[in-house]
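Just so it is clear, none of the values below were taken in a lab; they were calculated from the coordinates. Being a predicted model, the structure only gives us computed values, none of them experimental. Glycine gets a Cβ as well: all are built from the backbone with ideal geometry, and neighbour counts include every protein chain shown.
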Amino acid sequence: MSRAEKDPPITKKRSEDKSLDLALRPGTFNEYIGQENIKRNLKILIEAAKKRGEPVEHMLFHGPAGLGKTTLAHLVAKEINAQIKITSGPAIEKVGDLASILTNISPGDILFIDEVHRLNKLVEESLYPAMENRSLDIIIGKGPTARTLQLELPQFTMVAATTRIALLSSPFRSRFSGGSFRLDFYNQGDIEKIIRRSAGILGVEIKDEAINTIASRSRFTPRIANRLLKRARDYAEVHGEGIVTEELAKKALALLEIDEKGLETLDIKILDTIIRKFSGGPVGIGTIAASLREEEDTIEEVSEPYLMQLGFLDRTTRGRIATPRAYEHLGVIPPQQKLV
Ligand code: ADE
């Protein structure tokens, strides 16, 4: 049986507490806290398409992990009463996989492709006519007897997400005619609201000071805030009466090796390497990764966005540099001050 005849590579996310994660996910735009400008734009895009009786145009969400790109895709689907088919860049290996997904979709449905920067070039390019005029060319056979089959696809809206917008080619980006939306880190107040809402859904009793503590160490990222809330709840159940107090939250976070700014071991190691091994930089990302025996992608996608948001790290054309704030956080005296 060929790959295309098998089930299409639609992703089913597995996680330790998937049902809880789903329960915490906002079900409507009104429940979705933050990213106000994106919500405003999406509502107009959707309403205008509805008024014209047309499908919603393809859209791209980009920004660091955990900020709600997948959630927004679900909200768009709900708002237009459509089914959402979820897959990811690495899951679509061949054009045949894409054909199998797109021909199985019902008219008006949403195709959500996560990690879209990891699509291979052939698949990416076969998406262009699919997105523009619902046509997909597939080559059948090899060599002189090869034939091209042109498939007409049902109407669909593609919603894609990436943590690495810079890796998308500009022809691909330009096909997202509905727009490219950049999700930003949340602010302290919004993260506090999200934690309060999640605690309500989970039935966790939590003090205001504990909400403030967890929020300030959540890297301004809802997914992390919810995870830390759950770990603080566990800790409070084991070491307390089940009520999450500031003291118990701090102890739970200390056990997870998360510092007051939300930095974890890898973040500290990165800063420490730049400061101590490379005199504060500039130093190339490849050199930092090799020195820490860590994946370059992990550093670029997980640590760097937050370190830059905190103003601890700068990217220059010659490499990464640690800022005076990073020195201060690590308790190291910056070189200029040493001279005085
Ligand atoms: N849970 C995770 N992200 C959320 C958000 N943006 N608003 C409300 N609850 C959330």
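Observations
- For segment 108-155, taking the residues that are out of contact with any helix residue (DSSP H, G or I) (no Cβ under 7 Å at 6 or more places or on another chain) and assigned to a strand (DSSP E or B), the one that is nearest to ALA65 (Cα to Cα) is identified as ASP109.
- Here VAL244 meets each of (1) away from the ligand (no atom under 12 Å from the Cβ); (2) surrounded by fewer than 17 Cβ atoms within 10 Å (Cβ to Cβ) with one exception, condition (2).
- Listed conditions (1) of a type in the set (Phe, Trp, Tyr); (2) in a loop (DSSP other than H, G, I, E, B); (3) within 16 Å of the ligand (Cβ to nearest atom); (4) on the phi < 0 side of the Ramachandran plot are all met by PHE181, apart from (2).
- Residue among ALA199, ALA161 that alone is more than 12 Å from the ligand (Cβ to nearest atom), touching a residue at least 12 places away in the same chain (Cβ under 8 Å) and surrounded by 15 or more Cβ atoms within 10 Å (Cβ to Cβ): ALA161
- Among the residues of segment 200-244, those that are at negative phi and in a loop (DSSP other than H, G, I, E, B) comprise VAL204, GLU205, LYS207, ARG217, SER218, THR221, GLY240, GLU241, ILE243.
- Some residue of segment 70-86 being within 25 Å of GLU304 (Cα to Cα), touching a residue at least 40 places away in the same chain (Cβ under 8 Å) and in contact with a Ser or Thr (Cβ under 6 Å, 6 or more places away or on another chain): no
- Under the condition of being more than 10 Å from the ligand (Cβ to nearest atom), more than 20 Å from PHE172 (Cβ to Cβ) and aliphatic (A, V, I, L, M), the residues counted in segment 24-74 number 7.
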